[in-house]
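Step one of this worksheet: look at the structure below.
The values are calculated or read from the model by the stated rules, or taken from the named source; none is laboratory data. Since the structure is predicted, the reported quantities are computational estimates derived from the model, not experimental observations. All Cβ positions, glycine included, derive from the backbone under ideal geometry; neighbour counts span all protein chains shown. To get the accessible areas, we keep the full protein, side chains included, count just its heavy atoms, and leave off ligands, DNA and RNA. Shrake-Rupley method; radii C 1.70, N 1.55, O 1.52, S 1.80 Å.
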Amino acid sequence: MISVGPLALALERLFAVLGIIAFVAAASWIGRRHGKDSEKAAWRALLVGLVAARIGFVAQNWSAYALEPLSILYVWQGGFSPLAGLAVAAISLVMSLRRSLALLPMGMAFVGSAAAVLIATALFLASSQRPLPQDLVLHSLAGEASALDDRKGKPFVINLWASWCPPCRREMPMLIEEAARSPVPILLANQGEDAAKVRAWLDGQRLTSTHILLDYDQSAAAAIGSAGLPATLFIDSKGVIRELHVGEISRAVLLAGLRELD
């Protein structure tokens, strides 16, 4: 995760951006030697690949998007199918350059950048799957302690948020709604604010406080190394963090992560 103050960018997204930049740079170099058509083909493949990756994820999670169709456009929340995107981009590249000498070098650039992104992402995700630190204790708005160690043996989700954080505020109504009906507990851990302030904000937004917990000293964020908000952790029955989603999360991405915990 790359953090600047309270803002954060998930490393897997950064890897994807760097891979795209590398492919575009290679396409520009190849285009100077084989004509501008090859560079245009690269941009076309990139565009249709991104669209296909989004459509693939939406199709896989249509039940969630059907509740909020406009959220299909909220690409900053994440939700792409890499394999669908790469497959469609590769087909587009081949169809555009099938009669061009640029096909081979362009194909090598495409495969090389895609492989680098996939390998870097896989290594990062593998390293992020680590046990949830022990001795973390959250508190209810009434002041009752809730030790996360007691939850070991069953999967659960923790969302780290604050009332001053705009993306946290946007996702909170959906999170509270899903927490109320999810068989997997979803804990909404406020970072560093007192009960009175949190309760006042919830009341002002007409949101329920059933699943809200307080992390007074932000020990949860410090323990997992999350410097940015919001952050959502998916923790399996063995107490291992299976996934860490940094930034605003969509209903579809949340439900997909919950399915992976089953």
query: Just one of the numbered conditions (1) assigned to a helix (DSSP H, G or I); (2) closer than 23 Å to Val117 by Cα; (3) open to solvent by less than 50 Å² (accessible area, probe 1.4 Å) is not true of Leu104; which one?
result: (3)
- prompt: Restricting to the range 58-77, what's the tally of residues that are open to solvent by 10 Å² or more (accessible area, probe 1.4 Å) and either assigned to a loop (DSSP other than H, G, I, E, B) or touching a Pro at 6+ places or on another chain (Cβ under 9 Å) (or both)?
  reply: 6
- prompt: What number of residues within the range 114-136 are touching a residue at least 40 places away in the same chain (Cβ under 8 Å) and open to solvent by less than 80 Å² (accessible area, probe 1.4 Å)?
  reply: 13
message: Restricting to the range 249-262, name every residue that is out of contact with any strand residue (DSSP E or B) (no Cβ under 9 Å at 6 or more places or on another chain) and either in a helix (DSSP H, G or I) or crowded, with 21+ Cβ neighbours inside 10 Å (or both).
response: Ser250, Arg251, Ala252, Leu255, Ala256, Arg259
- request: Could you check Ser96 against (1) surrounded by 13 or more Cβ atoms within 10 Å (Cβ to Cβ); (2) under 30 Å from Asn61 (Cα atoms); (3) out of contact with any strand residue (DSSP E or B) (no Cβ under 7 Å at 6 or more places or on another chain) and say which number it fails?
  value: (2)
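Quick check, is Arg54 at pLDDT 90 or above, farther than 16 Å from Val94 by Cα, in a helix (DSSP H, G or I) and touching a helix residue (DSSP H, G or I) at 6+ places or on another chain (Cβ under 7 Å)?
Numbers: at pLDDT 90 or above: yes; farther than 16 Å from Val94 by Cα: yes; in a helix (DSSP H, G or I): yes; touching a helix residue (DSSP H, G or I) at 6+ places or on another chain (Cβ under 7 Å): yes.
For Arg54, the condition - at pLDDT 90 or above, farther than 16 Å from Val94 by Cα, in a helix (DSSP H, G or I) and touching a helix residue (DSSP H, G or I) at 6+ places or on another chain (Cβ under 7 Å) - is met.
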